[in-house]
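Shown next, in structure tokens, is the structure this report addresses.
No value in this document is a laboratory result; all are computed from the given coordinates. Just so you know, these numbers come straight off a predicted model, no measurement behind them. Backbone-built Cβ (ideal geometry, glycine too); neighbour counts: all protein chains shown.
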Amino acid sequence: MPSRTLVIAGEVAGRHPDILVGGLLATGLRNAASAAPPLPDDTAKALVAQDVTIELVADHPLIKDWRSAVASCGLKPSTYKSSPEQLARRTLKSGPVRTGLPLVDLYCEVATRHLAPLGGYDVDRLPPGDVELRLGREGDTFDPLGGGQMPLNGQVVVYAVGSTVVCWAYNCRDSRATCLTEDTDTGLFLGEAVTARQHGALRAALDDLSGRLTAAGARVGEVAYADAGHPRVGIG
């Protein structure tokens, strides 16, 4: 099993004293993608059971916390929605995400069900170095999946390896350069919570993801967590 080090920068921990970032590494994903069981068909019902409706999704406590976090980046939350809000809205309106990539669909379904952000990254496409949750810096590069204008500045929180941004505004948009592909065999999966009331959803989502990947035949490492008091952790 390979390993990566995850670091929460001090300026991010200072903005969010209750921050919690979790991750796991999994190998054998090409075989797991073909062996994974069908996704559940009750995702929308699971959201409604948590009082998440298309009309009120922005008012759900977990989503409100993400809206506040996005606003702290100097961004409009109604324009730059967190991934839990994006996924919930899409699922309630037209059904769960279907990208054609089974592993992406799997982690998106888990993230939707738990209202917790998850991202998947191809370890072989990541630059060498620590994965850091930090503020944007001059010289950072970002190739947003799906295109669009994603401002990079010293207010916006990003996941980055060196100067390569792999996910922008916490979890709003992944990079085309490091996302999972049909050839991915080793993946790094990350998720975060910025308030204490989001912790349970994040832990449940990562445990769910670990169990599903293991059931599909992947070799999955232990879930590891970093927080403001312990901002550096090895994942592997």
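By other beta-carbon atoms within 10 Å, ranking L190, L118, L152 with the fewest at the front produces L152, L190, L118. Distance between the C-alpha centres of region 166-236 and region 48-117: 16 Å, rounded to the whole angstrom. The ranking of T181, T43 from fewest to most other beta carbons within 10 Å of each one's beta carbon is T181, T43. Using a ≥ b ≥ c from the Cα gyration tensor of region 64-146 (square roots of the eigenvalues), is it rounded, prolate or oblate, where a/c under 1.5 gives rounded and otherwise the larger of a/b and b/c decides, a/b for prolate? It is oblate, given that a/c is not under 1.5 and a/b is not larger than b/c.
Express in nm, to one decimal, how much length is gained between N31 and T5 on full extension, taking 0.36 nm for each residue of separation and deducting their alpha carbon distance.
Extra length from N31 to T5 when fully extended: 6.8 nm.
Counting beta carbons within 10 Å around each of R137, R15 and listing the fewest first gives the order R137, R15. Checking the a/c ratio against 1.5 first, then a/b against b/c, what shape does the Cα gyration tensor give for region 144-236? Oblate shape, in that a/c is at least 1.5 and b/c is the bigger or equal ratio.
For region 111-236, averaging the sequence separation of C-alpha pairs within contact (under 8 Å, six or more residues apart) and dividing by the residue count gives a relative contact order of 27 percent.
Compute the Cα gyration tensor for the chain, then decide on rounded, prolate or oblate, letting a ≥ b ≥ c be the square roots of its eigenvalues: rounded whenever a/c is under 1.5, prolate when a/b is larger than b/c in the other cases, and oblate in all that remain. It comes out rounded by the Cα gyration axes. A simple rule links phi to the HN-Hα coupling: the Karplus curve 6.51 cos²θ - 1.76 cosθ + 1.60 with θ = phi - 60°, which for region 45-51 gives 4, 5, 5, 4, 5, 9, 6 Hz, with x for Gly and Pro. Subtracting the Cα-Cα distance of R232 and T79 from 0.36 nm times their residue separation leaves 51.9 nm of extension gain. Amide H contacts under 5 Å for I19: A228, restricted to partners 5 or more places along the chain or on a different chain, H placed in the peptide plane at 1.01 Å from N. Computed extension gain for S68 through R197, at 0.36 nm per residue and net of the alpha carbon distance, reaches 45.1 nm. Taking Q149, Q50, Q198 as the candidate residues, the one with maximal mean-square fluctuation in a Gaussian network model of the chain, Cα springs under 10 Å, is Q149.
Modelled spin-label separation between E182 and T214, with each label point placed 7 Å from Cα along the Cα-to-Cβ direction: 3.0 nm. Phi angles of region 224-232 translate, via the Karplus equation with coefficients 6.51, -1.76, 1.60 and θ = phi - 60°, into HN-Hα couplings of 10, 10, 10, 9, 4, x, 9, x, 10 Hz per residue; Gly and Pro are given as x.
Evaluating 6.51 cos²θ - 1.76 cosθ + 1.60 at θ = phi - 60° for every residue in region 178-190, the Karplus couplings come out as 10, 6, 5, 10, 5, 9, 4, 10, 10, x, 10, 10, 10 Hz, glycine and proline recorded as x.
Of the residues V48, V194, V131, the one that moves most in a GNM of the chain with alpha-carbon contacts below 10 Å is V48.
Hey, if you put +1 on the Cβ of every Lys and Arg and -1 on every Asp and Glu Cβ in region 4-235, which of G14, L62, F142 ends up farthest toward the positive end of that dipole? Farthest along the dipole direction, towards plus: L62. Label zone (L56, point 7 Å along Cα-to-C-beta; backbone nitrogen cut-off 16 Å) within region 82-115: 89, 92. Among P144, P96, P40, which one shows the biggest mean-square fluctuation in a GNM of the chain, springs joining Cα atoms closer than 10 Å? Answer for the Gaussian network model of the chain: P40. Loop-resident chymotrypsin sites (Phe, Trp or Tyr not before Pro) (DSSP state other than H, G, I, E or B) in region 163-209 with no more than 14 further Cβ atoms inside 10 Å of their Cβ are absent.
Take the Cα of S163, step 7 Å along the line toward its Cβ, and report every residue of region 114-135 whose backbone nitrogen sits under 15 Å from that point. So the set is 127-128.
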